Amino acid sequence: PLQSGSNAILNAMNRHYSIEDYREFIHYCADTVENICIGTDIIVGFPGETEHHFNETLLQFLTLPIHYSHVFSYSERQFARSRKLAQPIPPSLIKERSKRLRKVSDKKRQDFFNGFLNQTQKVLFEQKKQGYWQGLTDNYIRVKVKSDENLDNKIRTVTLKHIDKQAVVGVLA
């Protein structure tokens, strides 16, 4: 997890890595595994997170080969040391920052998906929802197809056709 793109905030979170370590690792992954889809977790609104710290996180997310993020709003935990930190972030600001990061995440995911349109991929199908069989490629692209065949727990080749929200609609090849 990235958690934050600011070394100051990572230190306050008691993380034992720097943004430089994280960048090196992510680039290693992207350079080593062809077509890898990288997702991360980001915490927004950690106590003391200034606009500068948030912008550092946003910049890291924008510039690293990360394709989506799970954005979490900081919330106090009963026994967490962070409860004792000064400078809590107003919930309205946390909400606004989270919205900005989610918008970037959606765009990055769409851009990643676009690179696979009109290609065939192997998909492991997991379930049928709302008339579509849904599954994942080996690089974590959610795919859905219409089929009367029971695809539960089957791997099938699919041609990826177009993006529909958080998934790619395909046809069985």
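The values are calculated or read from the model by the stated rules, or taken from the named source; none is laboratory data. Computed from a predicted structure; not experimentally measured. Ideal geometry is used to build each Cβ from the backbone, glycine not excepted, and the neighbour counts take in all protein chains shown. In case anyone asks, the SASA skips ligands and DNA or RNA and just uses the protein heavy atoms, side chains included. Shrake-Rupley method; radii C 1.70, N 1.55, O 1.52, S 1.80 Å.
Calculate, for Gln110 and Asn14, the FRET efficiency according to 1/(1 + (r/R0)^6) with r their C-beta to C-beta distance and R0 25 Å; round to the nearest 0.05.
Values: r = 34 Å, r/R0 = 1.37.
Efficiency, rounded to the nearest 0.05: 0.15.
Would you kindly calculate the translational diffusion coefficient of the stretch 112-173, applying Stokes-Einstein with the Kirkwood radius from alpha carbon pairs, for 10 °C and a viscosity of 1.306 mPa s, and quote it in µm² s⁻¹ without decimals?
Details: Rh = 11.1 Å.
Stokes-Einstein gives a translational diffusion coefficient of 143 µm²/s.
Once label points are set 7 Å from the Cα along Cα→Cβ at both His162 and Tyr140, what is their separation, rounded to one decimal in nm?
If labels sit at His162 and Tyr140, their model points lie 2.7 nm apart.
Apply the Karplus parameterisation 6.51 cos²θ - 1.76 cosθ + 1.60, with θ equal to phi minus 60°, to every residue of the stretch 166-173 and state each ³J(HN,Hα) to the nearest whole Hz, in sequence, with x for glycine and proline.
Coupling constants for the stretch 166-173: 9, 9, 10, 8, x, 10, 4, 8 Hz.
Can you give me the Cα centroid spacing of the stretch 1-71 and the stretch 103-173 in angstrom?
Value for the Cα centre distance between the two parts: 27 Å.
When the Kirkwood radius is taken over all Cα pairs of the chain, what Stokes-Einstein diffusion coefficient follows at 20 °C and 1.002 mPa s, in µm²/s? Walk me through the numbers on the way to the answer.
Values: Rh = 17.8 Å.
Translational D for this selection: 120 µm²/s.
Of Lys128/Lys161; Lys107/Lys161; Lys95/Lys144; Lys103/Lys161; Lys99/Lys161, which sit over 25 Å apart, Cα to Cα? List each step's numbers first, then the result.
Numbers: Lys128/Lys161 19 Å; Lys107/Lys161 18 Å; Lys95/Lys144 31 Å; Lys103/Lys161 23 Å; Lys99/Lys161 28 Å.
Check vs 25 Å cut-off fails for Lys95/Lys144; Lys99/Lys161.
Compute the long axis of helix 91-114 from its Cα atoms, compare it with the longest principal axis of the Cα atoms of the chain, and write down the angle in degrees, 0 to 90, nearest 10.
Rounded to the nearest ten degrees, it is 30.
May I ask you to give the percent of accessible area on the chain that is carbon plus sulfur, with a probe radius of 1.4 Å?
On the way: 5260 of 10210 Å².
Roughly 51 percent of what the probe reaches on the chain is carbon or sulfur.
Quick check: residue separation of Lys154 and Tyr28 times 0.36 nm, minus the Cα distance between them. What number comes out in nm?
On the way: separation 126, 0.36 × 126 = 45.36 nm, distance 3.18 nm.
So the extension gain works out to 42.2 nm.
Under unit Cβ charges (Lys, Arg +1; Asp, Glu -1), what dipole magnitude, rounded to 20 debye, does the chain have relative to its Cα centre? Mind showing how you got there, number by number?
Working: 25 positive and 19 negative charges, 136 e Å.
Using Cβ point charges on Lys, Arg, Asp and Glu, the chain gives about 660 debye.
Any idea how far apart Glu96 and Thr50 come out in nm if each label point goes 7 Å out from Cα toward Cβ?
Result: 1.7 nm between the two label points.
Taking the alpha-carbon distance from Lys129 and a cut-off under 20 Å, which aspartates and glutamates remain once sequence neighbours fewer than 8 residues away in the same chain are dropped?
Of all the aspartates and glutamates, those that pass the test against Lys129 - Cα under 20 Å, at least 8 places apart if same chain - are Asp148, Glu149, Asp152, Asp164.
Could you check the spin-label model distance between Gln87 and Lys129? Points 7 Å from the Cα along Cα→Cβ, value in nm.
3.9 nm
Keeping every protein chain present and rolling a 1.4 Å probe, give me the accessible area per residue for the stretch 1-158 in Å². Show your work: numbers first, answer last.
Details: 9420 Å² over 158 residues.
Heavy-atom accessible area per residue stands at 60 Å².
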